[in-house]
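Accompanying notes for the structure given below.
The values are calculated or read from the model by the stated rules, or taken from the named source; none is laboratory data. Because the structure is a prediction, the values reported are computed rather than measured. Every residue, glycine among them, receives a Cβ derived from its backbone with ideal geometry; neighbour counts consider all protein chains shown.
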Amino acid sequence: MFKVIKQEGRARRGEFTCPHGTVQTPVFMNVGTQAAIKGGLSAKDLRSIGCQVELSNTYHLHVRPGDDVIRQMGGLHKFMGWDGPILTDSGGFQVFSLAGLRKITEEGVRFAAHTDGHRIFMGPEESMKIQWNLGSDIAMAFDECIENPSPYDYVKASIARTVRWLERCKKELHRLQQQEDTINPGQVLFGINQGGTYTDLRIEHMKQIAQLDLPGYAIGGLAVGEPTDVMYEIIEELDPYMPADKPRYLMGVGTPSNIIEAVARGVDFFDCVMPARNARHGHLFTSQGIINIKNAKYQLDDGPIDPQCQCPVCQGYSRAYLRHLFKAEEMLAMRFAVTHNLYFYNHLMQQIRDALDQGTFEAFRRENSEKLGKRI
């Protein structure tokens, strides 16, 4: 399913094969939380901007329209018209970030839905059933997203429970996949490493979940407020304990610089709402740094967002026009901005892969890591 084609230092160039295609890694997964990219992009648009993997949210689709509805419609691929690979997260992060009142037990979590307050119970079996109904290619394990910082003893108890939950996830998905009406027989499970900012607990947890021999492993619970250097240190410390022949997914990360630096530390998969969210507020990524298209200096600027960009927006429209769309509060502003930012991220990953293929990644890293985070 996964093979490392080439390495430069710890950075890995690979391929991940699943039922809906072969993914070239390192890869950025475009986040379509509710089976849609916020900003008005369709599945067809995703193809045109270089998306390889679409990511949707288990919790949100369970609440609305209901995973049973999507199952009756033939699964998530048919429902949203996307024929490429899909990863669904477990719903764990949303349970812990959106639910004001929740009760965690060995069985799972009871909480109130963010939409209308109705009570929901979700545990490993429920999360697997929802993702099985959706028919994604990669299902994520149900885990507890621990706040940073949290007391050491609490984190230690939490990761022990998360291991037990992962074992239940593996068992339940295997059971579901034996059923004749399985939408995606090739669906696989990725485990998630937790442990807060405690390096020893991170390593202990990684050792335990690696023994389950899953098709892939994620690093969760980072990029949630801890210093960037701490995140990088944890990735470095985990590297020797993560199976070398399995893909590594850093969840919810991040800025272009974060991605380049994490690739340098051996990460293969990324996702983040940042490019689309920032775009909807007029903050656009370029090859020279970040611009705020709403600034007055762009009122008469007839150039593209980024002269080096080949996205459909840069090829056809000016900064002045995009600024006008934002000021006029036209929906087209968000569509254009999100299109550009997601193209930028997907193209960035292509540049990283090309550099790894050519053995020039370190030079690419030195030139771009700091520059791409600069505000212009």
So G316 passes all but one of these: (1) without any contact (Cβ under 8 Å) to a residue 40 or more places away in the chain; (2) assigned to a helix (DSSP H, G or I); (3) among the small types (G, A, S). Which condition number does it fail? (2)
Cβ-Cβ under 6 Å, sequence separation 6+ or interchain: first residue in segment 326-337 and assigned by TED's automatic domain parsing to the domain that holds C311 and crowded, with 19+ Cβ neighbours inside 10 Å, partner of a type in the set (D, E, K, R) and part of a helix (DSSP H, G or I). Which pairs? M334/R280
Counted residues, segment 285-297 - those being out of contact with any Phe, Trp or Tyr (no Cβ under 8 Å at 6 or more places or on another chain) and either buried (at least 22 other Cβ atoms within 10 Å of the Cβ) or part of a loop (DSSP other than H, G, I, E, B) (or both): 3
Take the conditions part of a loop (DSSP other than H, G, I, E, B), in contact (Cβ under 8 Å) with a residue 12 or more places away in the chain and surrounded by fewer than 23 Cβ atoms within 10 Å (Cβ to Cβ) and apply them to G221. Does it pass? no
Only one of these conditions is not met by F111: (1) at pLDDT 90 or above; (2) aromatic (F, W, Y); (3) surrounded by 21 or more Cβ atoms within 10 Å (Cβ to Cβ); (4) not in a helix (DSSP H, G or I). Which number is it? (1)
Of the residues that make up segment 93-111, is at least one touching a residue at least 12 places away in the same chain (Cβ under 8 Å) and touching a Ser or Thr at 6+ places or on another chain (Cβ under 6 Å)? no
Take the conditions surrounded by fewer than 15 Cβ atoms within 10 Å (Cβ to Cβ), hydrophobic (A, V, I, L, M, F, W, C), part of a helix (DSSP H, G or I) and not assigned by TED's automatic domain parsing to the domain that holds A223 and apply them to A363. Does it pass? yes
If I ask for residues that are surrounded by fewer than 21 Cβ atoms within 10 Å (Cβ to Cβ), assigned to a helix (DSSP H, G or I) and out of contact with any helix residue (DSSP H, G or I) (no Cβ under 8 Å at 6 or more places or on another chain), which ones from segment 141-199 would you list? D153, Y154, A157, A160, R161, R164, E167, K170, K171, H174, R175
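Listed here are the residues, each with its yes/no results for (1) in a helix (DSSP H, G or I); (2) surrounded by fewer than 20 Cβ atoms within 10 Å (Cβ to Cβ); (3) in contact (Cβ under 8 Å) with a residue 24 or more places away in the chain.
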| residue | (1), (2), (3) |
| --- | --- |
| V4 | no, yes, yes |
| N30 | no, no, yes |
| T33 | no, yes, yes |
| G39 | no, no, yes |
| R71 | yes, yes, yes |
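Looking only at residues in segment 298-308 that are buried (at least 16 other Cβ atoms within 10 Å of the Cβ) and over 18 Å from S257 (Cβ atoms), which one is farthest from the chain's Cα centre (by Cα)?
Step one: of segment 298-308, the residues buried (at least 16 other Cβ atoms within 10 Å of the Cβ) are 298, 301, 304-306.
Those left that are additionally over 18 Å from S257 (Cβ atoms): 298, 301, 304-305.
On the way: Y298: 32, D301: 34, P304: 28, I305: 25 Å.
Top of the filtered list is D301.
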Residue by residue through segment 345-360, note down the ones that are among the polar types (S, T, N, Q) and buried (at least 19 other Cβ atoms within 10 Å of the Cβ). N346
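Suppose the filter is closer than 19 Å to G39 by Cα, assigned by TED's automatic domain parsing to the domain that holds K297 and surrounded by 21 or more Cβ atoms within 10 Å (Cβ to Cβ); does L342 pass it?
Numbers: closer than 19 Å to G39 by Cα: yes; assigned by TED's automatic domain parsing to the domain that holds K297: yes; surrounded by 21 or more Cβ atoms within 10 Å (Cβ to Cβ): yes.
Yes, satisfied.
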By residue number, the members of segment 114-127 that are buried (at least 17 other Cβ atoms within 10 Å of the Cβ) and of a type in the set (A, V, I, L, M, F, W, C) are I120, M122
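For segment 85-108, check the following and say yes or no: at least one residue is among the aromatic types (F, W, Y), modelled with pLDDT of 95 or more and either in contact with a strand residue (DSSP E or B) (Cβ under 9 Å, 6 or more places away or on another chain) or not in a strand (DSSP E or B) (or both).
Going residue by residue through segment 85-108, those that are among the aromatic types (F, W, Y) are 93, 96.
Among the residues that remain, those that are also modelled with pLDDT of 95 or more are: none.
Looking for residues that are among the aromatic types (F, W, Y), modelled with pLDDT of 95 or more and either in contact with a strand residue (DSSP E or B) (Cβ under 9 Å, 6 or more places away or on another chain) or not in a strand (DSSP E or B) (or both), one finds none in segment 85-108, hence no.
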